[in-house]
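For reference, the structure is listed below as structure tokens.
Read the figures in this text as sums done on the coordinates, not as results from a lab. Worth saying up front: this structure is predicted, and the values here are computed from it rather than measured. Note that we place each Cβ from the backbone using ideal geometry, even for glycine, and neighbour counts take in every protein chain shown.
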């Protein structure tokens, strides 16, 4: 078996020589897929030199290093804001790193680091405000001015994780709307959101990473960029490779770098990435010819607040791109978080630049790793679970119980929530002191007339912070804790959580 990256069909030098002569044969990834279907992979591999790819989507792990130059007198910045968005200042005196997801301290998530980067690339003035740490060599304590991209010394886009090889799609099993980095997910599997450009996606066309590695020249944000290594969370075993990339912001175009806000989630930066795939051997040609129908991902249930979300089903990009996906026996709408037209435009622009001799290929100094252990962050200290804080002695009632009797129970035991259970102990509803007060005022007789049947519950093994967020989301002060068969095991309230916080180390 030939070595990974073997140049048995053509070499980089041969391709670049053809580019200089103007006779290199270049196709977009989608065009090459159709060409291979029509004529076969063997002929396609011989006829075509380069396949161009493109993707344009939200890439939160992005940002820019900026050097402002020195003021007079000079300042050693220890806090810095660009249009009220904080930039990281654990660097030298006038160097900062502006992250795409940093948010404005005055405008919140509607404006963030990604928007500042777009403003800079668009030629707009950006307000710079910084506080100094006075020293003998850096006496200035404060500066407030405006900058433009042209005026700064360096502005280098350095993105730790871009262009996922593929990305899991998302749906929602709960009975409420979820606002996630995958967009808005409707209740009860009401829609599917996905990301990535399928057969146009760079790493999908070269899943063995035979042509992509350190030093690969790429289309980045409208300019020329380079792969500088594997991206963070690079997970080749799962088919989820990523790229770390860099490029000069001064060469880029705001058409391919767009600040955005994901509704009720946060700010980000949409980044355009295109990579030329030289057909150096038969294996690369075969993977470059893979159509959307043969590129799969999983639809995950984002209604489960866990890093190990359940897989609802496996789905092809062809089905996702059709706009309709079958989930649990129902056909629901599928929407892309990425821009497929812009991805196609990037692949076409890169193709044209190669054909016109403006863009040549580079042989990677080192290929991306195909083996990498992907490790989660394990919390090594014990984290309290619901079972640790819940009240186990629960005062409950039956649906047919008298309202006045249950009201007396609330007074007698000093509780505010009464789970309503069947004779076998299974939960069927809940009442609060407010429900009973209203019931007495309206002359209601039994709990079945006033109880809430749609009960928000917790499970004993759930993390406390997850349940605390659920209480906040539903604007309630307590919920029953149930087992898998909905038998009541206890109750957890905001008072229980307050006691936990008070007992933590360092709490007042």
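Here are a few things to note about the model shown:
- Binning the alpha carbon pair distances of the stretch 351-508 at 5 angstrom intervals from zero yields the distribution 1, 8, 14, 15, 14, 10, 6, 5, 3, 3, 3, 4, 4, 3, 3, 2, 1, 0, expressed in whole percent.
- Subtracting the Cα-Cα distance of residue 107 and residue 129 from their residue separation scaled by 0.36 nm leaves 6.3 nm.
- Förster-model FRET efficiency, 45 Å R0, residue 449 and residue 263, C-beta, rounded to 0.05: 0.70
- Added length on full extension, which subtracts the Cα-Cα distance from 0.36 nm per residue, residue 495 to residue 348: 47.0 nm
- Computed over the chain, the per-residue total of -39500 (n - 2.57) for DSSP H runs of n ≥ 4 gives a 222 nm mean residue ellipticity of -6500 deg cm²/dmol, rounded to 500.
- Relative contact order of the stretch 182-339, defined on C-alpha pairs under 8 angstrom at six or more residues apart (%): 27 percent
- Principal-axis tilt of helix 464-474 within the chain, Cα atoms, nearest 10 degrees: 80 degrees
- Crossing angle, helix 29-39 versus the chain [Cα axis fit, 0-90 degrees, rounded to tens]: 70 degrees
- Sites residue 224 and residue 402, calculated FRET efficiency, Cβ-Cβ separation with R0 51 Å, nearest 0.05: 0.05
- Simple spin-label estimate for residue 304 and residue 38 gives 4.5 nm between the two label positions (7 Å along the Cα-to-Cβ direction from each Cα).
- The distance from the alpha carbon centre of the stretch 188-215 to that of the stretch 381-436 is 50 Å, rounded to a whole number.
- Derived from the Cα gyration tensor, the three semi-axes of the equivalent ellipsoid of the stretch 177-233 are 32, 13, 11 Å, largest first.
- Normalised by the number of residues in the stretch 69-152, the mean separation of alpha-carbon contacts (under 8 Å, six or more apart) gives a relative contact order of 32 percent.
- Relative to the longest principal axis of the Cα atoms of the chain, helix 12-21 runs at roughly 70 degrees.
- Pairwise label distance in nanometres, residue 326 with residue 465, each label 7 Å out on the Cα-Cβ vector: 4.0 nm
- For the chain, averaging the sequence separation of C-alpha pairs within contact (under 8 Å, six or more residues apart) and dividing by the residue count gives a relative contact order of 16 percent.
- Rough spin-label spacing in nm, given labels placed 7 Å along Cα→Cβ, for residue 335 and residue 232: 2.8 nm
- Over the stretch 250-356, equivalent-ellipsoid semi-axes from the Cα gyration tensor in Å: 30, 22, 13
- Values of log10 I(q)/I(0), in the order q = 0.26, 0.27, 0.29 Å⁻¹, for the stretch 67-115 under a Debye, Cα-only, solvent-free model: -0.90, -0.94, -1.02
- The slack in the chain from residue 372 to residue 428, taken as 0.36 nm per residue of separation less the alpha-carbon distance, amounts to 15.3 nm.
- Among 103-112, 56-65, sorting by the average number of other beta carbon atoms lying within 10 angstrom of each residue, highest first, gives 56-65, 103-112.
- Computed E for residue 360/residue 72 - FRET, C-beta separation, R0 35 angstrom, nearest 0.05: 0.20
- At 1.306 mPa s and 10 °C, Stokes D of the stretch 69-152 from Kirkwood alpha-carbon radius, µm² per second: 122 µm²/s
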